[in-house]
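Okay, structure first, notes after.
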Amino acid sequence: MGHERVGVLPRSMSWRKIVIQISQVADSEASVAQIANATLTNVRKQFGEIHHDEGVKAAFIFLVALADIKSGDAANSQSLIPHVDLSVNPSPLKLAAALRDWIFARRQSFEYADIAQKAATDAIAFWTEQQKQQPSLFDKDNNVSEIWRKASNGGGFCEVARFFFAKFTERYLNYFLAREASAVLPSINEREKFSLSLEKQVDVVSKHAFETAKITQSFAAGWFNKYVRRRSLSEKDVEGFLSLAFGKIREELRREISK
């Protein structure tokens, strides 16, 4: 699991072109390469140890609990997995509130916990909306239990996982883009223009993050199927998977720096 090579992932736009596009608002010649490379370097640094963080692990475990339709069964209950009662048909907002409480009790770094919570909330909303848009002959398929039942296999869960890692990566890219631009651009006026441009072009950063996170899909499916068959999950299993996933993303970002 996780050792297969998938080659270079296709990009709709390279990272450097994205930064050039955002930086065009500057009045002076800014060092685009400096902003682009420093952003990716900082994100890669964060992703090097982030799999150890309790808040990040808690967010991912919550998504596993939603996708594992048996997680609430008494016979299969585990202290590592939260009890998420889908029988009451909770809204995405209620699931997000339960996620927040779950992470809050376990958070280690406020920064990591906040980003992980938002990324997992986005993943919950994404999966819910995606499944509701699927044509169906049965009204019950819009029931929350049925929506998450569709994520209870490798094929479904890997999509949820990819979106989680994509939104996590997107938030860090935006954060460090703004920070590095502030350090490089010489005037307040240019920094404000860059910030506004970044807000207007958030979709291109989001798309880049989503394309980068594709590398997590194949081994997320294998990992989840192995977990479902084994019917047990340890913290070491979760940490190992997160290490692999963030490690793959770090490698993809390293390739972008070298271009």
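Report whether or not Ala113 is modelled with pLDDT under 90 and buried (at least 19 other Cβ atoms within 10 Å of the Cβ). So Ala113 fails the test.
Remark: pairs (first residue in segment 96-108, of a type in the set (D, E, K, R); second residue not in a helix (DSSP H, G or I); Cβ separation under 9 Å; 6+ apart in sequence or on different chains) = Arg107/Asp53. Among the candidates Ile147, Ile124, Ile188, the residue that is in contact with a Pro (Cβ under 8 Å, 6 or more places away or on another chain) and of a type in the set (A, V, I, L, M) is uniquely Ile124.
Every residue, every condition in (1) modelled with pLDDT under 90; (2) hydroxyl-bearing (Ser, Thr, Tyr); (3) surrounded by fewer than 19 Cβ atoms within 10 Å (Cβ to Cβ), yes or no:
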site	(1), (2), (3)
Leu137	yes, no, yes
Phe168	no, no, no
Lys200	yes, no, yes
Ser206	no, yes, yes
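The set of residues from segment 225-236 being assigned to a helix (DSSP H, G or I) and either modelled with pLDDT of 90 or more or farther than 17 Å from Asn153 by Cα (or both) comprises Glu235, Lys236. May I ask you to verify whether Lys150 is free of Cβ contacts under 8 Å to residues at least 24 places away in the same chain and farther than 29 Å from Gly222 by Cβ? Spelling it out, it is not the case that Lys150 is free of Cβ contacts under 8 Å to residues at least 24 places away in the same chain and farther than 29 Å from Gly222 by Cβ.
Among the conditions (1) in contact (Cβ under 8 Å) with a residue 40 or more places away in the chain; (2) in contact with a helix residue (DSSP H, G or I) (Cβ under 7 Å, 6 or more places away or on another chain), the only one that Asn143 does not satisfy is (2).
The values are calculated or read from the model by the stated rules, or taken from the named source; none is laboratory data. What you see is a predicted model; the values in this text were computed from it and never measured. As a convention, Cβ positions derive from the backbone with ideal geometry for all residues, glycine included, and neighbour counts pool all protein chains shown.
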